[in-house]
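Computed from the coordinates by the stated procedures, all read-outs in this text should not be read as laboratory data. All values derive from a computational prediction rather than experimental measurement. For neighbour counting, all protein chains shown are included, and Cβ atoms are generated from backbone atoms with ideal geometry for every residue, glycine included.
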């Protein structure tokens with residue numbers, strides 16, 4: 001099966017695969033950042049006692065967690081981005097789709113982290129004269145964020161792997177160039193094994209980095 005394995009075509013595409021890897025890292029980092037900011041708002045809305053905040057947040061989380069990311073990317077690329085920009089853009093669509101998807105999972109991470117803090121701490125802070133906003137900012141969130149780090153690490157790693165789906169909208173990331181290699185040389189093993197190795201290196205490195213951060217925190 002590997003007797004005629006061609007390393008030369010991997011070397012030919014190595015610069016493009018490297019560019020694709022850098023784009024994958026950039027898209028994933030931007031998406032996890034934007035997704036976390038949006039997810040924080042959605043998480044607070046989901047915990048709200050006001051039904052007009054809680055129900056839209058519930059619908060948002062259920063929709064993005066209950067539908068395939070593949071479908072979401074196509075909807076954003078062909079529908080949402082052209083609606084706002086007049087024409088579509090693969091990079092904008094990729095960041096928007098990944099961010100919206102990540103926000104749904106981040107909202108659950110925030111909700112679980114915040115609710116894991118003992119309610120007695122909130123009561124104690126309020127009794128000392130802090131208002132609810134100060135209590136959340138200075139007492140609850142600093143403790144909750146430490147507990148959220150492993151979950152956010154896993155979400156980041158999943159986002160890196162899920163970013164491979166954006167090749168369907170021609171964003172020039174890793175899988176885009178792997179597919180280009182396959183089409184040019186009509187080979188299967190070389191492009192996809194090369195892509196798999198790059199994803200493994202990225203996720204393994206992230207796993208080690210996040211493990212170091214967890215130990216430090």
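How big, on average over all directions, is the shadow cast by the Cα convex hull of region 153-217, in nm²?
So the Cα hull casts an average projection of 4.6 nm².
Taking each pair of distinct Cα atoms in region 59-119 once, what is the resulting Kirkwood hydrodynamic radius in Å?
Numbers: mean 1/r = 0.0793 Å⁻¹.
Kirkwood radius, region 59-119: 12.6 Å.
If you fit an axis through the alpha-carbon atoms of helix 141-162 and take the longest principal axis of the Cα set of the chain, what angle between them do you get, 0 to 90°, nearest 10?
For 141-162 against the chain, the angle is about 20 degrees.
So what is the relative contact order for the chain, in percent, with contacts set as C-alpha pairs under 8 Å and at least six apart?
On the way: 235 pairs, mean separation 65.2, N = 217.
30 percent.
If you fit an axis through the alpha-carbon atoms of helix 7-47 and take the longest principal axis of the Cα set of the chain, what angle between them do you get, 0 to 90°, nearest 10?
It works out to around 20 degrees.
Could you check the spin-label model distance between residue 83 and residue 214? Points 7 Å from the Cα along Cα→Cβ, value in nm.
Rounded to a tenth, the inter-label distance reads 3.9 nm.
Could you work out the Rg to Rh ratio of the chain, with Rh taken as the Kirkwood radius (inverse of the mean 1/r over all Cα pairs)?
Details: Rg = 20.8 Å, Rh = 19.3 Å.
Ratio of gyration radius to Kirkwood radius for the chain: 1.08.
What is the distance in Å between the Cα centroid of region 56-73 and that of region 148-193?
21 Å
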